[in-house]
Structure formats: C-alpha cells, structure tokens
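Notes follow the structure.
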Amino acid sequence: MLVPADLGLWDMIQNLRPVPLVVIAILVIFSLLSWTIVFSKTGVFSRAKRANRNFLRAFRKANNLQAVAMASEQFSAAPLVAVFDFGYGEIERQIKQRGALVNKPAMERSLQLGISEEVTKLEMNMNWLATVASVSPFIGLFGTVWGIIDAFQGLGNAGSASLRAVAPGISEALITTAIGLAAAIPAAIFYNVFGTRIKELGTRMEDFAIEFQNFAERDFGG
C-alpha cells in the first residue's frame with residue numbers, strides 16, 4: 001500500500017488496512033489494561049504501607065494481644081493485620097481448647113499462611129503486567145511485518161522500484177511496532193517496581209511474624 005510521503009501519524013493510521021488496525025486496537029486495549037492495573041496497585045501499595053506503619057506503631061505500644069485485636073479493625077488495609085488475625089486466631093483456639101498456648105509450631109504455621117495469603121493478594125494482576133510487557137512487542141512486530149508485506153505488494157503493483165515509492169508504506173507499517181513498545185515498556189517497568197514492593201512487604205510480614213511470636217510468648221507464657 002503506497003501513501004503520500006507528507007502524511008502525518010494520524011493520517012497514516014487512518015490509511016492502514018484492517019489487519020494493522022486490529023493490531024493497534026489490541027495494543028491500545030493492552031495498554032489501557034496495564035495502566036489501569038498500575039494506578040490501582042499504586043493505590044493499594046500506598047495504603048498498605050501507610051496502614052502497616054500505623055498498625056505496627058499501635059502493636060508495639062499495646063500491653064497485650066487482646067488490645068491489639070480490638071484496635072486492628074481500624075487498620076484493615078494493612079497486610080500485617082491479616083497476618084496478626086491468622087496468628088491470634090490460632091492462639092484463641094488453643095486457649096479455648098487447652099487453656100494455654102501449648103503448640104507454638106501451629107501458631108507459626110498460621111502466621112505463614114497469613115503471609116502467603118497476603119502476598120498472593122498483593123500479586124493479583126501482576127501476571128497481566130508481565131503478559132503485556134512480553135507479548136506487546138511481538139504483536140506490534142506482527143503488524144509491522146504484515147504492513148511491510150503489504151507495502152511491497154503495492155510497490156510491485158505500481159511497477160516502481162524507488163525508495164521514495166516504498167518508504168511511506170514501510171514507515172506506516174512501523175507504527176505498530178512503536179505502539180507495541182509504548183505498551184510494553186511501562187508494563188515492564190512497573191512490573192519490576194511492584195515486584196520489589198511486594199518483596200519488601202513480604203519481608204516486613206516475616207519480621208512481624210517473629211515479633212508476634214515473641215509477644216505471644218510473653219503474653220501467654222508459652
């Protein structure tokens with residue numbers, strides 16, 4: 001498909017054939033999906049960090065675990081609260097059934113279950129960012145290859161062999177690669193950024209589990 005050399009980007013997009021247009025539409029949808037996830041998870045991590053800090057301050061000031069349990073509802077956005085609930089729930093079961101904290105390994109396993117559940121929640125939709133980052137460039141490349149084939153077919157039909165004749169069609173085809181990279185690069189960047197934040201929160205939860213066990217042993221004489 002040959003087009004005038006002085007067309008702008010929007011003009012070239014309007015002149016694209018159905019296959020490249022479908023490719024661009026898919027890439028735009030992928031990009032919108034990734035940015036939606038980015039904004040959503042940015043808010044989640046911000047709230048989690050702030051709530052963790054506030055809850056940890058209250059936890060360290062409390063005289064006993066029961067007081068922490070009563071105050072924990074106001075820090076519901078904190079992943080540490082979920083870990084606390086798992087551990088405290090196991091302690092309550094043991095106190096109710098046996099009258100004392102007698103099975104520390106069970107409490108430790110409950111804390112680990114809480115950590116695992118919270119990490120899983122934090123990782124939600126991360127696979128979509130990874131998919132957009134890895135697949136978008138190839139989708140864009142497919143559109144480019146298709147467009148170049150179309151450009152050379154048009155060149156053959158026109159009977160011209162000059163670069164001036166084929167260059168507009170090739171530049172038009174490269175649009176899909178550019179859009180593919182524009183969708184993939186932010187997704188890859190934020191996938192790595194969020195992955196680091198998840199590791200940091202996971203480490204914070206592991207440290208909190210140790211603090212919780214120490215507190216429980218002092219509080220219940222386990």
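Brief remarks follow.
- Proximal aspartates and glutamates to residue 199, defined as alpha-carbon separation beneath 19 angstrom and excluding residues fewer than eight positions away on the same chain: 117, 118, 123, 207, 211
- With R₀ fixed at 35 Å, the C-beta to C-beta distance from residue 152 to residue 36 puts the FRET efficiency at about 0.40.
- Among the listed pairs 49/96; 61/96; 41/61; 96/121, those beyond 28 Å (Cα-Cα): 49/96; 41/61; 96/121
- Extension gain (nm, one decimal) between residue 57 and residue 123, 0.36 nm per residue minus Cα-Cα: 21.2 nm
A short reminder: the numbers here are calculations on the coordinates, not readings from a lab. Quick caveat: nothing in here was measured; it's all calculated off a predicted structure. Glycine also receives a Cβ, built like all others from the backbone with ideal geometry; neighbour counts cover every protein chain displayed.
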